[in-house]
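Have a look at the structure below, then the notes.
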Amino acid sequence: MILYDASHNMRFQDYGIMLPISSSRAERVLDHLEGHFEGGTRGHSMPYPGPVFNTASALFYLSGKNTGITRKDLETVHSQEFIAALFGDNDPVPAAEGGGLSGLAKALLAAYELIDSDGKPHRYEPDRAVKPLSSLFQTVLAQVGGTYLACRLALDPGPGFCYYLGGGMHHARYDSGSGFCLLNDIAVAVRKLQTEGRAGLVWIIDLDVHKGDGTAELIHFARWRGELAPPSAAAMPGTMPPCVLTLSVHMARGWPLDAESLAAASPGRAPLVPSDVDIGIETGEEEEYLRLLKEGIVRLEQLSGGNSPDIVLVVDGADVYEHDGLPSSGLLKLSLEQCLARDNFVYRYLIDRNIRSAWIQAGGYGDRAWEPCAYFLGGIR
């Protein structure tokens, strides 16, 4: 099944944010599927991987119980101080009354890299905005909820597969947003599932072209606080506490791994935390991608000691695509056929083992970012 809600579309240009992110990416995926499956119409059952749910129908399908994201859910993975800033707890005087930038505004400017080191706008034209920047926060929250909802749909009796046309904000870290990501929907969804007792062992397979640095950090901190078991616990027989294992397959160089990115980190910022399995793909190693991905999943199996995960979150970034429109993605360029081989391998691996999975769209930039996802979903049988 597919989860899509038009109200979750970021539409960055509406806020004066001039990122090369198409506002029609999800719609073009659905348009492709409607044309691919004769008689398929949006919002109705399609031969497969339908049906297409929006948020309202998904909530009805799940009986509407315990499906919302709360502030406490956010504080489960992010620092309370950071969440307080987003909600304006520490803004003594409203900005409109001369109080300066709110904590939310500062966080948004930083997360979406809208101000450069000289204090000048960077890919940001507020005069062209038709919505206040602060209202973007509600859309971010909606996408966090969308990722959690996709997990719930995947866990519900049925095919055990849900693809959410949104989410994937894997760069958001413990105390700040980063890399166009304000909140980490992946970590929030996983921890909510676990605190509700819906999942014990969870795998995160991150296929975005950039390392999933924020997710790795948040899982590390949760282990440090004693809320998650260490990786070794997953291989132990019998009952074990909640455990999350992370695999990130990404560019071996470039953002956020290069020296310039590390030097730009704010003073006191924790260094990048390794995922449980990190696989860096060098430029020119595109033909080795699938082999290295398979080795990474074998490593997850070894860390799990033969235990099967209750659910797998697949961060299905399309920014590995050779036609991606973000310059920082250019060190790794998979053809459409290689992108499909990547996704089909992961999908087949999970289906063959009856492992439930929630897929989130994640990174993808420019006018052709819809293609890998659309052709993957269109080819599923």
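The values are calculated or read from the model by the stated rules, or taken from the named source; none is laboratory data. No experiment lies behind these values; they were computed from the predicted model shown. Every residue, glycine as well, gets a Cβ built from its backbone with ideal geometry; the counts of neighbours run over all protein chains shown.
Observations, loosely collected:
- Residues (among the basic types (Lys, Arg) and farther than 19 Å from ARG299 by Cβ) located in region 204-238: ARG225
- Among the candidates ALA84, ALA150, residue that is among the small types (Gly, Ala, Ser), at pLDDT 95 or above, within 30 Å of HIS220 (Cβ to Cβ) and surrounded by 22 or more Cβ atoms within 10 Å (Cβ to Cβ): ALA150
- Condition met for GLY119 (free of Cβ contacts under 8 Å to residues at least 40 places away in the same chain, farther than 24 Å from PHE221 by Cα, touching a Leu at 6+ places or on another chain (Cβ under 7 Å) and assigned to a loop (DSSP other than H, G, I, E, B)): no
- For region 10-27, filtering for residues that are surrounded by fewer than 20 Cβ atoms within 10 Å (Cβ to Cβ) and farther than 21 Å from HIS323 by Cβ leaves 3.
- Residue count for region 50-72, restricted to those that are in a helix (DSSP H, G or I) and surrounded by fewer than 20 Cβ atoms within 10 Å (Cβ to Cβ): 8.
- Meets criteria (modelled with pLDDT of 90 or more and within 22 Å of ASP343 (Cβ to Cβ)) for CYS162: yes
- Within the set ASP206, ASP213, ASP175, the sole residue that is in contact with an Asp or Glu (Cβ under 8 Å, 6 or more places away or on another chain) and not aromatic (Phe, Trp, Tyr) turns out to be ASP175.
- Which numbered condition MET46 misses (of (1) over 30 Å from TYR375 (Cβ atoms); (2) assigned to a loop (DSSP other than H, G, I, E, B); (3) modelled with pLDDT under 85; (4) among the aliphatic types (A, V, I, L, M)): (1)
- Residues of region 154-177 that turn out to be surrounded by fewer than 24 Cβ atoms within 10 Å (Cβ to Cβ) and of a type in the set (Ser, Thr, Tyr), as a count: 2
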